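Enquirer: One structure is given below, represented as structure tokens, and several questions about it will come after.
The values are calculated or read from the model by the stated rules, or taken from the named source; none is laboratory data. All of these numbers come straight from a predicted model, not from anything done at the bench. Heads up, the Cβs are rebuilt from the backbone with ideal geometry, glycines too, and the neighbour counts pull from every protein chain shown.
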Amino acid sequence: MNQNTNHQDRVFNFSAGPSVLPVSVLEQVSREMLCLPGAGVSILELGHRTPPFKKILSDTVSRLRAILNVPAEYDIFFVQGGGRLIFSVMPMNFCLPGTVGEYLVTGSWGDCAYQEALRSGQGRLVWSGQESGYSTVPSRDQWTSGRDAAYLHCTSNETIEGVQFPTDVDSLLENAPPLVCDMSSDFLSRPVDVSRYAMIYACIQKNLGPAGATVVIAKREFLERASEKVPGYCRLLNHAEGDLMYNTPPTFCIYVANLVLRWLEETFGDLATIEQFNELKSGLVYEALLRRPELFRLHAHEVCRSKMNVTFRLPTPELEKRFLQESEANGLAFLAGHRSVGGMRASLYNAMPIAGAEALAKFITKWVASPLAAGG
Ligand code: PMP
């Protein structure tokens, strides 16, 4: 599992997305950039209805189906427009007259999804962690659902706040409406029981590829609820039908996603193994932070600390600035928190090598704060 790079200039990339990709994938992309084997042209020039591209698309879908154990009655397809497109189209697809979409909001992205449903008056908030600054997740007895709910939307991992449901969200499911989950920032990072969801979606620029595509996994019967009056591109069922090419798909993104899936299979084999790897990496960083509580304050409550996005603060903005400057000078890049909340965020997606987590943990342990932090 040696994922170290030979390229001297590469730093450890802790960006929340677009984010680190496996070096072996980047190498293969660069080797094949002039000519994709068997195609005679590069992937950037290859028509989407050609046999080589159709093969890449169907192989990508098959690999996703296999690694996630997706039941036959679920469709898998890619759309453009990012996670935000799905926020916008959820109500128009699934809220039939007299129904609403329910939202369980554990962070900023869940709130964005909810705000989109409010625009058409079809959103209902069933729980929000806003008062606690989005630092926790609810238990099943903390919210109730109405009979008129078309779906319940949740976010398995809140990328900005670093708040993650501790396991696959099944504990939410007792007597819940069809569950729709935004898994953008922890997709493929741990096992998931797909059969418990009506729909899962994830923008791929964290764990699966470059920016430009969103993967959707949805139960056919759920997709069929959308009326034909929904505008063509926004009607998700259209993307699931036929050859999965309602319009020109993001071909390059799907090609890279295919290589990332192959890398995942070859390196880890299954999602339980990648989960262990992710626990190891985040464990190293959390342990280092917890060893110096006088300096580092973790944002999320212990039970829901994200394995993907470790969020923490220092006592003053000046110290945070210094930490960021010095970490960057040590080859640890993009550790600044989201612009809306500040602080620090270390994103440790699947492709972050163990060496990256170790280097960050070591830096945290050794970092010498100014006399200000020491109370002087
Ligand atoms: N959901 C989550 C959990 C995200 O982290 C993001 C982006 N960081 C989005 C949705 C929005 O995705 P996009 O920018 O691709 O629209």
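Enquirer: Taking the condition β-branched (Val, Ile, Thr), assigned to a loop (DSSP other than H, G, I, E, B) and either surrounded by 16 or more Cβ atoms within 10 Å (Cβ to Cβ) or in the same structural domain as Ala351 (by TED's automatic domain parsing) (or both), does Thr144 pass?
Expert: Taking the combined requirement at face value, the residue does not satisfy it.
Enquirer: While we're looking at this one, here's another question. Pull up the range 120-131, narrow it to residues that are touching a residue at least 24 places away in the same chain (Cβ under 8 Å) and outside any strand (DSSP E or B), then point me to the one that is nearest to the ligand (Cβ to nearest atom).
Expert: So the residue we want is Gly129.
Listed here are the residues, each with its yes/no results for (1) over 16 Å from His301 (Cβ atoms); (2) out of contact with any Cys (no Cβ under 6 Å at 6 or more places or on another chain); (3) within 16 Å of the ligand (Cβ to nearest atom).
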| site | (1), (2), (3) |
| --- | --- |
| Cys112 | yes, yes, yes |
| Tyr134 | no, yes, yes |
| Val137 | no, no, yes |
| Gln142 | no, yes, no |
| Asp148 | yes, yes, no |
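Enquirer: Determine whether the range 192-204 contains at least one residue that is assigned to a loop (DSSP other than H, G, I, E, B) and surrounded by fewer than 19 Cβ atoms within 10 Å (Cβ to Cβ).
Expert: Within the range 192-204, one or more residues are assigned to a loop (DSSP other than H, G, I, E, B) and surrounded by fewer than 19 Cβ atoms within 10 Å (Cβ to Cβ).
Enquirer: Considering each of Gly101, Gly82 in turn, give the residue that is touching a residue at least 24 places away in the same chain (Cβ under 8 Å) and within 22 Å of Lys206 (Cα to Cα).
Expert: On the way: Gly101 fails: within 22 Å of Lys206 (Cα to Cα).
Step by step, each of Gly101, Gly82 is checked, and only Gly82 is touching a residue at least 24 places away in the same chain (Cβ under 8 Å) and within 22 Å of Lys206 (Cα to Cα).
Enquirer: Cβ-Cβ below 7 Å, separation at least six or inter-chain, first residue in the range 255-281 and of a type outside the set (Phe, Trp, Tyr) and buried (at least 22 other Cβ atoms within 10 Å of the Cβ), second modelled with pLDDT under 95 and part of a helix (DSSP H, G or I): which pairs?
Expert: none
Enquirer: Same structure, new question: Mind checking which residues of the range 225-236 are at pLDDT 95 or above and exposed (fewer than 10 other Cβ atoms within 10 Å of the Cβ)?
Expert: If the condition is that a residue be at pLDDT 95 or above and exposed (fewer than 10 other Cβ atoms within 10 Å of the Cβ), then Pro231 is the only one that fits.
Enquirer: Now for a separate question. Any residue that is part of a loop (DSSP other than H, G, I, E, B) and within 30 Å of Ile160 (Cβ to Cβ) - is there at least one of those in the range 49-60?
Expert: Step one: filter the range 49-60 for residues part of a loop (DSSP other than H, G, I, E, B), giving 49-50.
Applying the additional criterion that residues be within 30 Å of Ile160 (Cβ to Cβ) yields none.
Checked against the condition, which is being part of a loop (DSSP other than H, G, I, E, B) and within 30 Å of Ile160 (Cβ to Cβ), the range 49-60 yields no hits at all.
Enquirer: Could we say that Gly47 is free of Cβ contacts under 8 Å to residues at least 24 places away in the same chain and in the same structural domain as Ser227 (by TED's automatic domain parsing) here?
Expert: So Gly47 fits the description; yes.
Enquirer: Something else now. Output the number of residues of the range 29-48 satisfying the condition of being under 29 Å from Ile200 (Cα atoms) and not in a loop (DSSP other than H, G, I, E, B).
Expert: Final tally of qualifying residues: 3.
Enquirer: In the range 147-165, which residues are touching a Ser or Thr at 6+ places or on another chain (Cβ under 9 Å), in a loop (DSSP other than H, G, I, E, B) and under 21 Å from Pro91 (Cα atoms)?
Expert: Listed by number, the residues that qualify are Asp148, Ser156.
Enquirer: While we're on this one: Collect the residues in the range 62-86 that are part of a helix (DSSP H, G or I), crowded, with 16+ Cβ neighbours inside 10 Å and within 16 Å of the ligand (Cβ to nearest atom), keeping them in residue-number order.
Expert: Within the range 62-86, Gly82, Gly83, Leu85, Ile86 meet the criteria.
Enquirer: Restricting to the range 242-277, name every residue that is at pLDDT below 95, in contact with a Ser or Thr (Cβ under 9 Å, 6 or more places away or on another chain) and not acidic (Asp, Glu).
Expert: Once the filter is applied, which keeps residues that are at pLDDT below 95, in contact with a Ser or Thr (Cβ under 9 Å, 6 or more places away or on another chain) and not acidic (Asp, Glu), the range 242-277 yields only Leu244.
Enquirer: Continuing with the same structure: Based on what the data block shows, is Val180 within 14 Å of the ligand (Cβ to nearest atom), assigned to a strand (DSSP E or B) and surrounded by fewer than 22 Cβ atoms within 10 Å (Cβ to Cβ)?
Expert: It is false that Val180 is within 14 Å of the ligand (Cβ to nearest atom), assigned to a strand (DSSP E or B) and surrounded by fewer than 22 Cβ atoms within 10 Å (Cβ to Cβ).
Enquirer: Additional query: From the list Asp186, Asp243, which residue is on the phi < 0 side of the Ramachandran plot and either of a type in the set (A, V, I, L, M, F, W, C) or buried (at least 24 other Cβ atoms within 10 Å of the Cβ) (or both)?
Expert: Only one candidate passes the filter, namely Asp186.
Enquirer: Could you tell me whether Pro166 is more than 16 Å from the ligand (Cβ to nearest atom) and buried (at least 19 other Cβ atoms within 10 Å of the Cβ)?
Expert: Judged against the criteria, Pro166 is not a match.
Enquirer: When only residues in the range 64-102 that are of a type in the set (A, V, I, L, M) and touching a Gly at 6+ places or on another chain (Cβ under 7 Å) count, which is nearest to Cys112 (Cα to Cα)?
Expert: Per the stated criteria, the residue is Met90.
Conditions (1) away from the ligand (no atom under 16 Å from the Cβ); (2) under 18 Å from the mean Cα position of the chain (by Cα); (3) of a type in the set (A, V, I, L, M), marked per residue:
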position	(1), (2), (3)
Ala226	yes, no, yes
Arg235	yes, no, no
Thr248	yes, no, no
Asn258	yes, yes, no
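Enquirer: Of the residues that sit in the range 210-224 and are out of contact with any Pro (no Cβ under 9 Å at 6 or more places or on another chain) and not β-branched (Val, Ile, Thr), which one is surrounded by the most Cβ atoms within 10 Å (Cβ to Cβ)?
Expert: Checked the range 210-224; the qualifying residue surrounded by the most Cβ atoms within 10 Å (Cβ to Cβ) is Ala218.
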